[in-house]
Amino acid sequence: MSLNSQVALSLHEAALSRTPIDQLSLNQSFTLEEAYQIQHQVIQNRLDQGHKLIGVKMGFTSEAKMKQMGVNDMIIGMLTSDMLHNNGGTMSLSDFIHPRVEPEICFILNDDIDEVLDEHQVKDKVSGIAAAIEIIDSRYKNFKFSLSDVVADNCSSAALVVGIISEDINNALDNNKIQLNINGEVVETGSSNDILGNPWKALSAATRLAHQYNIPLKKGMYVMAGAATSAYFAEVEQEISADVEGLESVFFRVNQ
Ligand code: OOG
Ligand code: MG
């Protein structure tokens, strides 16, 4: 087994056993390109288990996120069918290591995309927009990583909940208020403009990174634009919801 496959397997097993590992860059140096190769292997392990690719997620598209995690560039990760949970449903804390939640905007693609599109061109490729909650769960101890570490770990992807999809794709998403709420109380506030100035730019960036790193973008897939605010630790007995002005709220409950 190649070194990359071994590293990918250790990340895959860390997720399955809910046991965090040391960040890779403490013991070996690897490039961003190699990190994306490891990410592909991590995803292959999930596909081998029978799960399907359902979309991609952008990371570090806002100042708040970059500052919180101490990194300074955008990343892309892949989403699989086992990560998708129902709007209004429940999740078990015990399925995760140290999950954090973030309010996001999710685009649904109406076409396959294999070229780089700008923020205007991407509008023709979307059939819907929804508020969403992403649950991130770094496989590294204490959520500590370098940019290459987090890319190899599929950008901390663990779960997502997508709200009711709006088909009003003319939504400019211009300065729409975004909130993360725990048990009805607002814990984080931001604006759609906090996502690269406009979330359509995150979708454009997704086409660029997907093209660069050989990640498929297919009709019907989700593209998560990245959090507008810092992420917040999830705990048992919480009801977690996200509001994006102009879209329906999305929520789930956390149990043991
Ligand atoms: C990496 C994932 C970043 C976002 O929305 O910016 C991300 C992490 O913070 O662990 O999902
Ligand atoms: Mg996110």
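Just need a number here: residues in segment 95-126 that are open to solvent by 50 Å² or more (accessible area, probe 1.4 Å) and in a strand (DSSP E or B).
The qualifying residues number 0.
Could you list all residues from segment 166-183 that are assigned to a loop (DSSP other than H, G, I, E, B), open to solvent by less than 80 Å² (accessible area, probe 1.4 Å) and under 30 Å from GLU237 (Cα atoms)?
ASN176
Restricting attention to segment 191-209, does a residue exist that is among the β-branched types (Val, Ile, Thr) and within 22 Å of LEU53 (Cα to Cα)?
Yes, because at least one residue in segment 191-209 is among the β-branched types (Val, Ile, Thr) and within 22 Å of LEU53 (Cα to Cα).
Checking ASN87 against (1) more than 16 Å from ligand 2 (Cβ to nearest atom); (2) surrounded by 16 or more Cβ atoms within 10 Å (Cβ to Cβ); (3) closer than 22 Å to ILE38 by Cβ; (4) polar (S, T, N, Q), which single condition isn't satisfied?
The single condition ASN87 does not satisfy is (3).
Pairs, please: C-beta under 9 Å, at least 6 apart or cross-chain, first residue acidic (Asp, Glu) and in segment 76-99, second open to solvent by 30 Å² or more (accessible area, probe 1.4 Å)?
As it stands, the answer is ASP82/ARG46; ASP82/GLN49; ASP82/GLY50; ASP82/HIS51; ASP82/LYS52; ASP95/ARG18, since those pairs meet every condition given.
Could you say which residue among LEU26, LEU53, LEU32 is more than 16 Å from ligand 1 (Cβ to nearest atom) and over 16 Å from the mean Cα position of the chain (by Cα)?
LEU26
Of all residues in segment 207-218, count the ones that are of a type outside the set (Ser, Thr, Tyr), farther than 21 Å from GLU34 by Cβ and buried (at least 18 other Cβ atoms within 10 Å of the Cβ).
Qualifying residue count, segment 207-218: 1.
The values are calculated or read from the model by the stated rules, or taken from the named source; none is laboratory data. Since the structure is predicted, the reported quantities are computational estimates derived from the model, not experimental observations. Glycine gets a Cβ as well: all are built from the backbone with ideal geometry, and neighbour counts include every protein chain shown. All accessible areas refer to the heavy atoms of the entire protein, side chains included, with ligands and DNA or RNA removed. Shrake-Rupley method; radii C 1.70, N 1.55, O 1.52, S 1.80 Å.
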